[in-house]
Amino acid sequence: MPSQLSIYNGSLSILGERKLAALDENREPRYKLDAIWDNDLIDRVLHMGQWNFAQRTVQLQPSPDITPAFGYQYAFGKPDDFIRTMLVCYDEYYNNPITRYSDQANFIYTDADPIYFGYVSNDDQFGANLSLWPPNFTEMVEHYMAYKVGPRIAGLDVSDKRLARDWKMWLAEAKAVDAMEDPAKFAPQGGWARSRRGFRSGTDDRGNRSQLIG
């Protein structure tokens, strides 16, 4: 299971630096890594993808304090642990995506009520829980920290271009592996089909939809 110390040491290994014995060790690299970590590192790496391990799903009701003057009828406030949008759907099974909505600042605007919202979360039980981080994601974070901290460590002779290339390579791999964890998805139904079945399809789906996607 990754920890803050193991991630620090993974980054130092990439840079060819000696590992830390503890998070309070009095060494320059630790202070530099602390500066990167404390600058919202977890939020920044979670924002890099639609990570399944960090996904949280909730039902949202329209905000009673906001009435749009035009356009969509309802405004839905995003949760406090929101990082980025993954899914906006009519139903709790996430089979019927809402395609007509606007994602603006802290709100989702649409004509549906309620909505079912899937998002990347930085909650301690979701994206900020290091025990949930997959190996490829952890490796990407270590390379990202190495890329960010390498130029800051005095006397360290590393190529910024190499560090950037390696980080982006691990980011692509982490996204690819994460995408393989997604279940098979059906193509969205049209309005006529949804009206016949009702928006709240889910347990009654007997596998008769043949248009698999993803």
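Derivation of every value follows stated rules applied to the coordinates shown; laboratory data play no part. In this text, all values refer to a predicted model and were calculated from it rather than measured experimentally. Because the Cβ atoms are built from the backbone with ideal geometry, glycine has one as well, and the counts that use them run over all protein chains shown.
In table form, for the structure just shown:
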quantity	calculated
Computed lengthening from D182 to S102, 0.36 nm per intervening residue step minus Cα-Cα distance	26.3 nm
Shape category assigned to the range 54-121 from the gyration tensor of Cα positions, a/c cut at 1.5	oblate
Straight-distance crosslink candidates among aspartates and glutamates, where the alpha carbon sits under 16 Å from K168 and sequence neighbours closer than 8 are dropped	E139, E142, D160, D178
Per-peptide average of other Cβ atoms within 10 Å, ordering 157-168, 109-120, 53-64 highest first	109-120, 53-64, 157-168
Length-normalised contact order for the range 50-122 - Cα pairs under 8 Å, 6+ apart - percent	45 percent
Anisotropy class of the chain from Cα gyration tensor, a/c 1.5 cut	prolate
Filter on K19/K161; K78/K148; K32/K175 - keep pairs with C-alpha separation over 25 Å	K78/K148; K32/K175
Net +/- balance of residues flanking G155 in space, Cβ distance below 14 Å, scoring K and R +1, D and E -1	+1
Counted charge near P2, where neighbours are those whose Cβ lies closer than 13 Å (Asp, Glu -1; Lys, Arg +1)	-2
Virtual spin-label span in nm between N26 and V58, 7 Å along Cα→Cβ	4.4 nm
Approximate spin-label separation R44-L156, in nm, with each point projected 7 Å along Cα-to-Cβ	1.3 nm
Neighbourhood charge, 11 Å Cβ-Cβ cut-off, centred on T85 and excluding it, Lys, Arg +1 and Asp, Glu -1	+1
